[in-house]
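The values are calculated or read from the model by the stated rules, or taken from the named source; none is laboratory data. Quick caveat: nothing in here was measured; it's all calculated off a predicted structure. Neighbour counts are summed over all protein chains in view; Cβ atoms, including those assigned to glycine, are modelled from backbone coordinates with ideal geometry. Note: accessible area is taken over every heavy atom of the protein model, side chains too, but ligands, DNA and RNA are not part of it. Shrake-Rupley method; radii C 1.70, N 1.55, O 1.52, S 1.80 Å.
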Amino acid sequence: MKIVYLIAGTYNSGGMERVLANKSNYLVAQGHDIIIVTTDQRGRNSFFPLDKRIACYDLGINYEENNGKSFFNKAIHYPFKQWKHKKRLAELLRSLHADVVVSMFCNDVSILPRMKDGSKKVLEVHFSRFKRLQYGRKGLWRLADEWRNANDKQMVSRFDRFVVLTEEDEAYWGNIPNMMVIPNARTYAFERPAALNSKVVMAVGRYDYQKGFERLIDAWAKVCSKVNGWKLEIIGDGSLRQNMMRQIEENGLGNNIILKKLSADQMKDAYLNASVFALSSRYEGLPMVLLEAQAAGLPIVSFDCKCGPRDVVTDGIDGFLVEEGDIDALADALLRVMQDDVLRLRMGKSAYEQSDRYEESVVMKKWTDLFAGMMK
C-alpha cells in the first residue's frame, strides 16, 4: 500500500514529528510504500531518524516565513500561499497515485479533501478540540481563532476518516460519523523500569507558551523550600529559554533547576535517571512524553489539561492529576511523591505495568486495520 503523510516539516523535535517518524519507520518495515510531503522543510534534516526507504518531498511553500508577523501580514500572504500549496500538492499527488493520504492537521487541511487523485483521505489531529482557543490571543487574532475553531468541525467531516488521540477529545468533538480514536504509541520499551532512587524531577518539551514551564518553575520555588538535594531538569529548547533562565535567576533557583538540550538518542537514559515526571502544559493532544515516562516506570504529576493526561494517568494510582493552572496543587503533588519513597515506588510500578496499552505493535495494528478497511 502506498501511504502519503502531509506535515509542515520533520526538522522539529516535537511530539508530532516523533510520532510521524516512528509510524513511518514501522510501516515501511512492514512493506508499505511511505512518502512524507512537507511545506516548510527548507533543506533541513529530519530531527528523528527516517528509514532510507521513505521518500521525502518539500513543496517550498514556507508558511513559517510569516510566523510572528502582524495579523494583516498573514491576511495578505496566506491566500497566495494556499493557492500555491493547492497547485503543487495536486500535481504531486496526481503523480504519486497513493492509496491513502494522511493530513497531520497542518495547512493542507482545508484543501486536501478536494484533491481528485483517487486516494482515500485521512485526517489525524495531534491537539485538542479547543486548542485554537487556548493560545490566549486578543483582538483580531482572538476573532480569527474563534472562527477557525467553529469551522474545524465542518472541515474534519469532509475526510474519509478523522482520527483523534483520546476518548476525552472524542467527546469534545461530538457526533461525527467518520471519527475514531487511535492513541499514539510509546516511543520506547524499557526492559526494566527506572530505579526511582535519584533526586531528579524531569520535564520535557519545547520552551514555549503551550508547555507552561514558567508555571512549573513557580511550583518548584515552593517545593525547594521544603526539600533538600532534589533538582528539576527541564529537557528541551525554544523561544522562551532566556525568559526561563531569567525567572530561575530571579527566584534564586540556579542550583536547583537545570535546562538541558538532549539529542533523541540520549532521551532513554534521561528517563531512567529520573524519579518523577512533571507536566505543566496548558493544552496537549496526547503527550508523547507522558507515554515515555510511563513506559520508564516514572510516577507522573501533571496538570489535568485538555487533552491526554486524563487518558494516560489514573489519579492516585500511577501519578497525580491536579487542576490545570493550580500551581500550589502542582507543588503539593510533587512534594507528596518526592517525600514518600513507598508511594513513589508503588506508583512507578503501576505506571510501568500500564504502559503496555501503548505498545507500538498494538497501536499500529489499529492503523493498518484502518487503512486496509478503507481499500475494500
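Annotation note: Cβ proximity below 9 Å between a residue of the stretch 138-159 that is touching a residue at least 40 places away in the same chain (Cβ under 8 Å) and charged (D, E, K, R) and a residue that is part of a helix (DSSP H, G or I) and surrounded by 12 or more Cβ atoms within 10 Å (Cβ to Cβ) (sequence gap 6+ or interchain) occurs for ARG158/LEU112; ARG158/PRO113.
Scanning the stretch 113-129 for residues that are assigned to a loop (DSSP other than H, G, I, E, B) and under 16 Å from the mean Cα position of the chain (by Cα) yields VAL125, HIS126, PHE127, SER128, ARG129.
Consider the stretch 232-277 and keep the residues that are at pLDDT below 95 and among the hydrophobic types (A, V, I, L, M, F, W, C). The one that is farthest from ALA21 (Cα to Cα) is LEU262. I'd like to check something: does the stretch 242-259 contain any residue that is open to solvent by 50 Å² or more (accessible area, probe 1.4 Å), closer than 28 Å to ARG346 by Cβ and not charged (D, E, K, R)? Within the stretch 242-259, one or more residues are open to solvent by 50 Å² or more (accessible area, probe 1.4 Å), closer than 28 Å to ARG346 by Cβ and not charged (D, E, K, R).
The condition of being closer than 22 Å to VAL164 by Cβ and in a helix (DSSP H, G or I) holds for only one of SER24, SER110, SER95, that being SER24.
Restricting attention to the stretch 63-76, and to residues there that are at pLDDT 85 or above and surrounded by 15 or more Cβ atoms within 10 Å (Cβ to Cβ), which single residue is nearest to TYR11 (Cα to Cα)? Here the answer is TYR63. Of all residues in the stretch 185-229, how many are open to solvent by 30 Å² or more (accessible area, probe 1.4 Å), hydroxyl-bearing (Ser, Thr, Tyr) and touching a helix residue (DSSP H, G or I) at 6+ places or on another chain (Cβ under 6 Å)? Total meeting the criteria: 2.
Output the residue which, of all residues in the stretch 1-55 that are open to solvent by 50 Å² or more (accessible area, probe 1.4 Å) and of a type in the set (Ser, Thr, Tyr), is modelled with the lowest pLDDT. Top of the filtered list is SER13. For the stretch 274-285, a residue qualifies if it is open to solvent by less than 10 Å² (accessible area, probe 1.4 Å) and assigned to a loop (DSSP other than H, G, I, E, B), and the qualifying residues are ALA274, SER275, SER280, SER281, GLY285. Just checking, does the stretch 151-170 include any residue being over 21 Å from LEU20 (Cβ atoms), surrounded by 15 or more Cβ atoms within 10 Å (Cβ to Cβ) and at pLDDT below 80? No; the residues of the stretch 151-170 include none that is over 21 Å from LEU20 (Cβ atoms), surrounded by 15 or more Cβ atoms within 10 Å (Cβ to Cβ) and at pLDDT below 80. Would you pick out the residues in the stretch 250-274 that are closer than 19 Å to GLY297 by Cα and more than 22 Å from the chain's Cα centre (by Cα)? The answer is ASN273, and nothing else.
To keep it simple, each residue is scored yes or no on (1) in contact with a Ser or Thr (Cβ under 7 Å, 6 or more places away or on another chain); (2) polar (S, T, N, Q); (3) open to solvent by less than 40 Å² (accessible area, probe 1.4 Å); (4) not in a loop (DSSP other than H, G, I, E, B).
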| position | (1), (2), (3), (4) |
| --- | --- |
| ASP265 | no, no, no, yes |
| GLU292 | yes, no, yes, yes |
| LEU345 | no, no, no, yes |
| PHE371 | no, no, yes, yes |
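Taking the criterion of being over 30 Å from LYS349 (Cα atoms), assigned to a loop (DSSP other than H, G, I, E, B) and without any contact (Cβ under 8 Å) to a residue 60 or more places away in the chain, the residues of the stretch 160-194 that qualify are GLY174, ASN175, ILE176, PRO177, ASN178. Screening ASP99 on (1) over 27 Å from LEU286 (Cβ atoms); (2) open to solvent by less than 70 Å² (accessible area, probe 1.4 Å); (3) over 25 Å from the mean Cα position of the chain (by Cα) shows it passes everything except condition (1). Among the residues of the stretch 294-311, the one identified as part of a helix (DSSP H, G or I) and either among the acidic types (Asp, Glu) or within 23 Å of ARG241 (Cα to Cα) (or both) is ASP311. GLU146 falls short on exactly one of the conditions (1) within 25 Å of PHE277 (Cα to Cα); (2) of a type outside the set (Gly, Ala, Ser); (3) touching a Leu at 6+ places or on another chain (Cβ under 8 Å); (4) in a helix (DSSP H, G or I), and that condition is (1).
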